[in-house]
Every structure is written in C-alpha cells, then in structure tokens.
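The next block holds one structure in the form of structure tokens; read it before the comments.
The values are calculated or read from the model by the stated rules, or taken from the named source; none is laboratory data. Note that the structure is predicted; figures quoted are calculated from it, not measured. Neighbour counts run over all protein chains shown; Cβ positions are idealised from the backbone, glycine included.
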Amino acid sequence: MKRPRKFFQRPLPELPEANFSGRLFAVEGPDGSGRSTQIAMLAQWLESRGFAVRSMGLRESNLVAEELEQAKKGNILTHSTLSLFYATDFFDKLINEIIPALRAGFIVLADRYVYTLMSRDLVRGADRDWVRNLYGPALVPDAVFYFRVGPRQLVERNFEKNTTLDYWESGMDLGLSRDMFDSFIKYQRLIQVEFARMQAEYGFDVINANMGVDRIQRELRRKVSSLLEIED
Amino acid sequence: MSAPKRPYPGKLIAVEGLDGSGKSTQIYLVKRWLELSGAKVYFTEWNSSVLVKAATSKGKKRQLLTPTTFSLIHATDFADRYERQILPLLRAGFIVLADRYFFTALARDGVRGVDQSWVEKLYSFAVKPDITFYFEVPLEVSLNRILEGRPALKYHEAGLDMGWSTDPYESFRIFQGKILKEYARMKKPYGFTVIDATDEIHVQQARVRKLISEQIDLARFVKRGRN
C-alpha cells in the first residue's frame, strides 16, 4: 500500500511525488549501544517473515566518503564545512539509495539517521535553526528507535570492541579535555542531552540499551510488528 | 554558525554575472590595480577549495549529483574557503575579492528547482559583501562571447542534468536565460551595483575603480612600510 510521506520542513526537489510503499526505520544511538547487532538480527527476522530488507549505514556514500575520511584524518575542516560535507553525504544516500529502495517496497533499516548528524553539529555550537533547515528536506522515518546507554557502560563496551577510544566518538576536536577518557565521557553526555531534547521534538521510541541483546531484540520486534501490523 | 556580528577591518568585494559577462576580467583588473597600489588584497574563486574539489569533480564526472547534493557540495566548498580564508582575511584587514559569491548558488540552485529560502539559510553563516558588482549583459551578447568558439561545454555547466534539451548548446542557452532571470530578481533585494557589461573593458574598469575608491578608504589598506 502506498502512503504519502512527510519531510521535516520542505519536500526534496528530486521527488515529484512522495508516495511509496516501503518503510523507513531509523536506529539511533552511540557507538557501542548495539545498533548494528540489533539491526542484523532484525533484518534476518524480517526476511524470515518474507519482507525485503535493506540495511544502510551513514558511512558508505559514493560521493564524498573518501574525501570525508581524508578530511577527518587531518582534522582540517572547520565546523560549518564538516556539517555541510556530512549533509551532502547524507542526501546523496537518501536520494540515490534510501528512496529508490522505499519506492521498490523495501523496509529500510537505517543505521543512524539525521539525528546523529544534527546532534554532532549542535554540540559543536551550530545554530539550531541552521541545522534544522539543513536537514529540512530529509524524509521523516516511520519510526526512530533510540538506543540509550549510560556513558560509563558505553566506555566499557567501546573497550570490549576496540582497545582504544575513537578520536571523534570522544569529541577530541572540541577540546573538552586533553584526557581522552574524560573527553569521551563529557562528549557522550553532551550528545545525550541533545538526544533528550530531540526526543521530545521528534518523538523517538527509546530503548533501554543497557539490557541484554535478546531482550532488546524482543522489544524491537514487538514494536516493529505493531508498526507493520503483523503478528509478533 | 550565524554570520559574525563583530566588526572586522577588512572589506569584501564580490562580482556576479552570467558566464561571458566579463566579470572575471574585471575583478582581475581590480586585483592588479590594488596590488600595484600596495594594498593588502586576496582573491578567491567560486568552487576552488582544494579539499572539496576532488569530491565535486568526481560527482560531476560520474553524474552522481542531484540538485540537492549539487547545492550542498558547493555550499561545502564555499564554507571551507569562507572559514579558512575569507573570514580570517577580513579579520586581518584585507580587501577580499570574490569571483562569484553565494548569489551564484542562489541563482543556479534556484534554476535547478531547489527551494531558495533553503539555500539562503545554508549560506546564512557568511557575511554579505561590502560591494557586489553585477555585470549586466543581454543574454545574446554573453551567449555569443561563450559560444563563438564552439567550446566543449561541461555537463552541469550546460545544465544538461536538467533534461531541457539533449543539445548542449541549446541546453546552455536555456540555462543561462533562466539564470539571467534569477539575477534580475536578486538585483534589488541584495543591493547589487550594476555595471553595464556591454561597455568597453577599460570604461567598465574605470567605473568600478571609481565606485570602489568612493566607498572604501584605500589608504587604510596599504601595507605597512609602503606609504
């Protein structure tokens, strides 16, 4: 069944009519919150139920991915430039991958969406209206599942995954602290505050990601089932 | 990220106009004039950030760009030049000369169907120029100047991505005609200083120099030890 779609502020000029039958579910949460594990499990389950699924991360766009990586390594871009670079990458993905998949009737599971990008800009001092405008022509997802984890638990999970904390996930470019551990905690708290603010504005479905993998998956399936109007 | 409110000692002069309006020649002559008089001057061109350029040209070559990403990647390029060069130089007291400024984005993106208030807000972090010279030229004149030599027009330059015509020359004509309308609309609200670009080059240049001298105290910009 085709359903009309909503944009945050204004339609994309590339979309003459925004009616498609696919569904867009976004999963948000910091690195280490279990997003990708849960998405993989959910995709498998949906496929077992006969749904065509496409999982998409924010990072694999054709257009500017290499340049972004290069720029991040050198840490040479200023804030507005980095915001716009990320936005270019996002819209490239939205227009050339997400929307065609939705048109074809797929369920798209987005591993992070505009909210992560917006929160990163906002904690770096970007103007709220400027950021809202920037992502104004983005498609509003059918649901946003926000995996919330406390900063302390996040540190543990990050160390389980990697032996070091990531420069960007620690917000080291912000100069919050010279100490990486300290900076990580402070930065993740700031991001969480932004997410709490956005949660009220955009109506996220919050998932307590301190829970175990299976419990989280059960909750996710329950929510998705009711959105798709299928049996759990 | 909003436009800086603090006053800075520098001055920003931008030129706008259709391809073939002669604006680049004019800004070059302004640059020479200011350099020879010993002023602190810096020149910047549209779409020239080294870092962003690779992505832009890749996107253009592979025709990956859509109106929205076309708009955003040019805004990225501009932001990079603005934050690392234009603004710091204005704060350091330079006269910054810009061959095209964000008005070019407003015109081109508008023609591509992108909402102009959206684009305007993307660029809201940038200061408005102290003087924006608009080199006004009838469409046929600028088209002749460009098309005379039957140049190989690039895909986006010719507006071929819009599908108005499969013939690059015809598409270019249509595209330029639409851009001209956008410029005409922007002239007043943005306070463009209009220069008749059908005049002889040196006549236009004399007018431009006179207008600059009247509005900017050039003696203030002469490098130390030069006067």
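For the range B:55-65, residues that are buried (at least 23 other Cβ atoms within 10 Å of the Cβ) and either within 12 Å of B:D161 (Cβ to Cβ) or in contact (Cβ under 8 Å) with a residue 40 or more places away in the chain (or both) total 1. Hey, does the range B:35-54 have a residue that's more than 22 Å from A:W130 (Cα to Cα), among the acidic types (D, E) and in contact (Cβ under 8 Å) with a residue 60 or more places away in the chain? Checked the range B:35-54: no residue is more than 22 Å from A:W130 (Cα to Cα), among the acidic types (D, E) and in contact (Cβ under 8 Å) with a residue 60 or more places away in the chain. Pairs are defined by a Cβ separation below 8 Å, a sequence spacing of at least 6 or placement on different chains, a first member in the range A:7-21 that is within 11 Å of chain B (Cβ to nearest Cβ), and a second member that is surrounded by 15 or more Cβ atoms within 10 Å (Cβ to Cβ) and among the polar types (S, T, N, Q); the pairs so defined are A:Q9/A:N133; A:L12/B:T68; A:P13/B:T68; A:E14/B:T66; A:E14/B:T68. Within the range B:71-93, if we keep just the residues that are within 8 Å of another protein chain (Cβ to nearest Cβ) and acidic (D, E), the residue that is nearest to B:Y155 (Cα to Cα) turns out to be B:D80. Per this entry, A:A110 is counted among residues that are away from chain B (no Cβ under 13 Å), in a strand (DSSP E or B) and either at pLDDT 95 or above or touching a Gly at 6+ places or on another chain (Cβ under 9 Å) (or both).
Each row is one residue, and each column tells you yes or no for (1) in a helix (DSSP H, G or I); (2) closer than 18 Å to A:L82 by Cα; (3) more than 17 Å from the chain's Cα centre (by Cα); (4) polar (S, T, N, Q).
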{"position": "B:L64", "(1), (2), (3), (4)": "no, no, yes, no"}
{"position": "B:Y82", "(1), (2), (3), (4)": "yes, yes, no, no"}
{"position": "B:V96", "(1), (2), (3), (4)": "no, no, no, no"}
{"position": "B:D109", "(1), (2), (3), (4)": "yes, no, no, no"}
{"position": "B:S124", "(1), (2), (3), (4)": "no, yes, no, yes"}
{"position": "B:V127", "(1), (2), (3), (4)": "no, no, no, no"}
{"position": "B:S142", "(1), (2), (3), (4)": "yes, no, no, yes"}
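Filtering the range A:158-173 to residues that are surrounded by 16 or more Cβ atoms within 10 Å (Cβ to Cβ) and in contact (Cβ under 8 Å) with a residue 40 or more places away in the chain leaves A:N158, A:E169, A:G171, A:D173. With respect to (1) more than 16 Å from the chain's Cα centre (by Cα); (2) within 25 Å of B:S49 (Cβ to Cβ), the lone exception for A:F159 is condition (2). For the range B:57-70, a residue qualifies if it is within 20 Å of A:L12 (Cβ to Cβ) and at the interface with another protein chain (Cβ under 9 Å from one of its Cβ atoms), and the qualifying residues are B:G59, B:L64, B:L65, B:T66, B:P67, B:T68, B:T69.
Can you name the residue in the range A:200-232 that is polar (S, T, N, Q) and within 18 Å of A:P151 (Cα to Cα) and is also surrounded by the most Cβ atoms within 10 Å (Cβ to Cβ) among such residues? Per the criteria, the residue is A:N210. Among the residues of the range B:124-136, those that are crowded, with 20+ Cβ neighbours inside 10 Å and either closer than 22 Å to B:V41 by Cα or modelled with pLDDT of 95 or more (or both) comprise B:A126, B:P129, B:T132, B:F133, B:Y134, B:F135, B:E136. Of the helices (runs of 4 or more DSSP H) lying entirely inside the range A:132-232, those carrying at least 3 residues that are under 30 Å from B:T69 (Cβ atoms) are A:180-202.
Filter the range B:111-122 for residues that are touching a Ser or Thr at 6+ places or on another chain (Cβ under 9 Å) and assigned to a loop (DSSP other than H, G, I, E, B); which is farthest from A:D127 (Cα to Cα)? It comes out as B:R112.
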